[in-house]
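Everything on this sheet refers to the single structure shown next.
The values are calculated or read from the model by the stated rules, or taken from the named source; none is laboratory data. Here the structure is a predicted model, which is why all the values come from computation and not from measurement. As a convention, Cβ positions derive from the backbone with ideal geometry for all residues, glycine included, and neighbour counts pool all protein chains shown.
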């Protein structure tokens with residue numbers, strides 16, 4: 001768990017972990033320089049439950065991605081889950097995810113779904129609606145499978161170290177690794193309540209179909225986000241030797257898409273290479289026609 005000024009909600013999250021049906025977990029918390037009572041609250045839980053540990057090493061101000069990657073460099077395990085400070089995990093979440101990923105021997109990322117949780121109420125709208133399976137449908141994702149919904153094995157993590165210098169978010173890096181070098185599997189179950197509030201560090205989303213549809217046509221967001229484009233270039237450079245020839249060609253076509261000035265050529269690149277936005281085949285084509293390629 002990477003924390004930062006999470007005092008308002010972290011107690012509920014920690015309680016949901018303590019109440020998990022799977023008992024053999026260890027939580028390692030690293031704080032990024034909170035100015036509220038986050039560290040004090042975590043310390044209280046450490047005293048109550050020996051499975052909870054606060055890593056205090058004087059390192060801070062790394063941001064959410066840097067904080068999680070720091071934890072991945074410090075913690076040793078066979079399996080890793082990523083716990084946001086303000087969500088609520090349903091009691092069987094850890095048990096279910098460990099059960100599924102334990103049947104996979106290759107490098108793997110497994111993820112489940114969640115419902116939004118706002119002002120004390122569950123909104124029965126799923127948090128994950130795009131499901132990438134291959135590099136072809138992940139390069140234009142501008143995100144990763146939501147970190148708090150995932151579990152990875154040590155085989156996947158071992159391929160990634162050392163991490164690239166440029167990372168958009170830890171979950172983007174892990175998703176890219178899974179589709180490029182391993183296996184990604186979806187559990188079609190809701191196992192998390194994903195809290196929405198005005199202090200979300202990441203992932204504050206439009207709720208409701210009409211809001212999402214209006215946002216698609218009016219937000220002016222380019223097809224490719226600069227931060228994720230930079231991260232994808234860094235991924236390509238860092239792991240070039242591990243990529244197969246087909247994946248290298250997909251990366252080159254992705255780079256060409258961003259650099260070309262011709263909208264028709266961008267459409268042809270999408271069609272020729274079978275690019276899509278997760279499992280949404282037509283969305284990338286529509287974005288290509290309506291939006292500029294990169295910010």
- Query: Would you pick out the residues in region 237-247 that are loosely packed, with under 12 Cβ neighbours inside 10 Å and not in a helix (DSSP H, G or I)?
  - Reply: 244
- Tell me, yes or no, whether region 92-99 has at least one residue that is surrounded by fewer than 19 Cβ atoms within 10 Å (Cβ to Cβ), more than 27 Å from residue 160 (Cα to Cα) and at pLDDT 95 or above. yes
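Pick from 150, 175: which is in contact with a strand residue (DSSP E or B) (Cβ under 6 Å, 6 or more places away or on another chain) and under 30 Å from residue 252 (Cβ atoms)?
Exactly one residue qualifies, and that residue is 150.
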- Message: Out of everything in region 120-129 that is under 16 Å from the mean Cα position of the chain (by Cα) and surrounded by fewer than 16 Cβ atoms within 10 Å (Cβ to Cβ), what residue ends up being farthest from residue 184 (Cα to Cα)?
- Response: 126
- Message: Which count do you get for residues in region 59-76 that are surrounded by 14 or more Cβ atoms within 10 Å (Cβ to Cβ) and within 25 Å of residue 175 (Cβ to Cβ)?
- Response: 12
- Message: So the check is Cβ under 7 Å with 6+ separation or different chains; which pairs have a first residue in region 45-58 that's without any contact (Cβ under 8 Å) to a residue 40 or more places away in the chain and a second one that's exposed (fewer than 13 other Cβ atoms within 10 Å of the Cβ)?
- Response: 51/26; 53/26; 55/74
- Message: Exactly one of these conditions fails for residue 141: (1) outside any helix (DSSP H, G or I); (2) farther than 16 Å from residue 227 by Cα. Give me its number.
- Response: (2)
- Of all residues in region 204-236, count the ones that are under 30 Å from residue 260 (Cα atoms), assigned to a loop (DSSP other than H, G, I, E, B) and modelled with pLDDT under 60. 1
- Query: Quick check: is even one residue across region 13-35 more than 22 Å from residue 146 (Cβ to Cβ) and buried (at least 17 other Cβ atoms within 10 Å of the Cβ)?
  - Reply: yes
- Quickly run through region 63-119 and pick out the residues that are more than 25 Å from residue 179 (Cβ to Cβ), under 17 Å from the mean Cα position of the chain (by Cα) and in a loop (DSSP other than H, G, I, E, B). 85, 86
- For region 43-58, enumerate the residues that are within 24 Å of residue 169 (Cα to Cα) and modelled with pLDDT of 95 or more. 53, 54, 55, 56, 57
- Message: Conditions first: (1) at pLDDT 95 or above; (2) crowded, with 17+ Cβ neighbours inside 10 Å; (3) within 25 Å of the chain's Cα centre (by Cα); (4) assigned to a helix (DSSP H, G or I). Residue 275 passes all but one, so which condition is the exception?
- Response: (4)
- residue 159: in a helix (DSSP H, G or I), at pLDDT 95 or above and surrounded by 20 or more Cβ atoms within 10 Å (Cβ to Cβ), yes or no? no
